[in-house]
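The values are calculated or read from the model by the stated rules, or taken from the named source; none is laboratory data. Small disclaimer: the values here were computed from a predicted structure and weren't measured. Positions of Cβ are backbone-derived with ideal geometry, glycine not excepted, and every protein chain shown enters the neighbour counts. Areas reflect the complete protein model, heavy atoms only, side chains present, ligands, DNA and RNA absent. Shrake-Rupley method; radii C 1.70, N 1.55, O 1.52, S 1.80 Å.
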Amino acid sequence: MTRKRDIDQLQNEIQELFADLWQVPRFSGLRRGFRPQVDCYRTSDPPELTVLIELPGIDPESVELIVADGTLYVAGERTRPRCTAQSYQQMELDYGPFRRQVQLGADVDVEQARALYERGILKVVLPIAERAPVGARVSIEVTRP
């Protein structure tokens, strides 16, 4: 089981690498969509998996968080603010829908999961489960401090 999990993790890392490498440069005008950056780390006391997602300019209530099949799915959209008679001089910020997947690598207790959005960072804390997960799809509510 561990070897399969290692191969699955390697496959996901390779897919992420290619997704990053084949991004069209921002200055070409062809690049579409917003791809938030993600950090993920474990702690042993308490045993938790923490996922940090950069989501500046996004209403946390519009972010969808789902845990299913050992993966955290994060989806939403960052919309470009519009005002009448605007004419851009420079455009570097990415906007549009996004969807990220984070392989958890551990069985987590989604019933005890919590998410906090503060200063543009969404912090999702998933306690590591002492039992095997049921395999159901569960949503996590995002709160603000």
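Rg and Dmax of the stretch 62-145, using alpha carbons, in Å: what are they?
Reported Rg and Dmax, both Å: 16.7, 57.
When Lys and Arg each count +1 and Asp and Glu each count -1, what net charge do the other residues less than 13 Å away from residue 64, Cβ to Cβ, add up to?
-1
How high is the FRET efficiency from residue 109 to residue 75, r the C-beta distance, R0 25 Å, rounded to 0.05?
My answer for the efficiency is 0.70.
Give me the one-decimal nm value for the distance between modelled label points at residue 52 and residue 10, 7 Å along each residue's Cα-to-Cβ direction.
2.9
Between residue 143 and residue 92, what FRET efficiency comes out of the Förster formula 1/(1 + (r/R0)^6) with R0 = 30 Å and r the beta carbon distance, rounded to 0.05? Write out the running numbers ahead of the final one.
Numbers: r = 31 Å, r/R0 = 1.02.
Efficiency at R0 = 30 Å is approximately 0.45.
Students often check this: by mean Cβ neighbours within 10 Å, which of 121-127, 57-63 ranks highest, and how do the rest follow?
Ranking the peptides 121-127, 57-63 by packing returns 121-127, 57-63.
I'd like the accessible area for residue 84: 1.4 Å probe, protein heavy atoms, all chains in place, Å² to the nearest 10.
Only protein atoms counted, so the area is about 130 Å².
Just to make sure I understand: if all protein chains stay in place, what is the order of 35, 99 by accessible area at 1.4 Å, largest first?
The ordering from most to least exposed comes out as 99, 35.
Enumerate by residue number the GluC sites (Glu not before Pro) in the stretch 84-145 meeting two conditions: DSSP loop (anything except H, G, I, E, B), and at most 16 other Cβ atoms within 10 Å of the site's Cβ. Write down the numbers at each step before the final one.
Details: sites: 92, 111, 118, 130, 141; in loops: 92, 130, 141.
Loop-located and lightly packed - 92, 130, 141.
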